[in-house]
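This report refers to the structure that appears directly beneath it.
The values are calculated or read from the model by the stated rules, or taken from the named source; none is laboratory data. What you see is a predicted model; the values in this text were computed from it and never measured. We place every Cβ from the backbone using ideal geometry, glycine too, and count neighbours over all the protein chains shown. Note: areas computed on protein heavy atoms with side chains; ligands, DNA, RNA excluded. Shrake-Rupley method; radii C 1.70, N 1.55, O 1.52, S 1.80 Å.
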Amino acid sequence: MKSTILIAREYGQSAVLAFAESELPSLGAGMARIEVRAAGINPIDARRMTGEFRHAPLPLTFGTEFAGVIVDLPPGTDGWAIGDEVLGSGAGFTHATVIDVPVANLIARPANIAWSVAGSLAGAAQTAMTILQEIGPVSSLLVHGASGGVGSITVQIARELGIDVVATASEGNQAYLQSLGAIPVPYGPGLIDRLAEIHPEPFDASVDMIGNDEATLASLARVKPTGKLGTIAGRPVLSPRVQAIWVKRNPANLAKVVEGVAEGRYQWPVSAQFPFAHAQEAYDSILQGHTRGKSVLIF
């Protein structure tokens with residue numbers, strides 16, 4: 001079976017993206033072959049394209065999450081059948097028309113979750129669960145850059161756990177963060193003073209989704225000396241107190257979030273959908289930042 005795969009043979013802006021057709025190898029044991037219907041785009045995809053992250057040799061492939069239909073399975077695979085609608089994390093790349101994925105990564109797509117939502121769940125959901133598990137039990141949490149995919153679900157899960165959440169974002173996303181249950185604060189000059197006014201007690205912990213000096217300085221000023229300062233941005237930080245948090249793939253964690261979305265407990269906004277053929281436009285949009293929720297490629 002052939003697959004059309006999004007690749008980049010060099011680093012740069014979205015003009016380096018191209019499509020390559022490849023014959024897939026024989027399906028290995030423990031794998032499922034998926035015809036992709038939707039695949040989320042995350043900032044890490046665009047930052048790998050530009051060369052900011054260089055974790056793999058050229059040519060690059062992209063994407064970590066997907067939703068689609070099982071089109072092939074090895075004999076004797078239990079629990080799944082050809083034609084099942086699924087979502088999950090990919091084995092290597094998901095921005096392709098057909099992909100091979102470990103069966104262990106699969107979650108059934110609830111019928112009431114749209115393809116665009118299902119295809120964008122796995123990365124942000126598992127990252128948010130990792131953040132909250134690594135931070136541990138807290139009563140208050142400061143979230144920087146909270147309007148994106150990871151921030152949006154982190155806020156909602158934290159509020160469900162009874163955590164008081166103060167979240168920073170642009171002026172245009174203040175009402176959105178409030179709708180998720182956070183106390184919103186606009187970033188920019190005077191941020192530390194605004195945080196002190198709205199939440200006089202020091203925070204138990206903070207997590208930074210954007211990775212800039214303003215967020216780090218605000219966390220250092222407003223989080224307890226014993227509190228944890230985390231970041232998922234993967235950028236250099238001003239203080240050794242700020243510890244990187246890397247997503248731990250855990251289908252059980254993903255299933256909990258999928259259930260919450262299906263039941264309507266969590267909002268999961270998809271701010272932009274792009275046909276796979278328009279992948280360059282989609283990656284341009286991600287590089288511009290200020291995304292609300294998730295962006296998705298549709299197949």
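Couple of notes before you dig in:
- Residue check, Trp115 within 14 Å of Ala39 (Cβ to Cβ), among the aromatic types (Phe, Trp, Tyr), at pLDDT 95 or above and surrounded by fewer than 23 Cβ atoms within 10 Å (Cβ to Cβ): yes
- Options Glu35, Glu23: the member that is closer than 27 Å to Val117 by Cα and either open to solvent by 50 Å² or more (accessible area, probe 1.4 Å) or out of contact with any strand residue (DSSP E or B) (no Cβ under 9 Å at 6 or more places or on another chain) (or both): Glu35
- Output for segment 163-183, where each listed residue is polar (S, T, N, Q) and more than 20 Å from the chain's Cα centre (by Cα): Gln174, Gln178
- Selection within segment 44-100 - open to solvent by less than 10 Å² (accessible area, probe 1.4 Å), under 15 Å from Gln13 (Cα atoms) and of a type in the set (A, V, I, L, M, F, W, C): Ala46, Met49, Leu60, Phe62
- Residues that are at pLDDT 95 or above, among the small types (Gly, Ala, Ser), within 28 Å of Asp208 (Cβ to Cβ) and surrounded by fewer than 14 Cβ atoms within 10 Å (Cβ to Cβ) occur at least once in segment 3-14.
- Scope segment 30-46; condition farther than 17 Å from Ala56 by Cβ and of a type in the set (Asp, Glu); matching residues: Glu35
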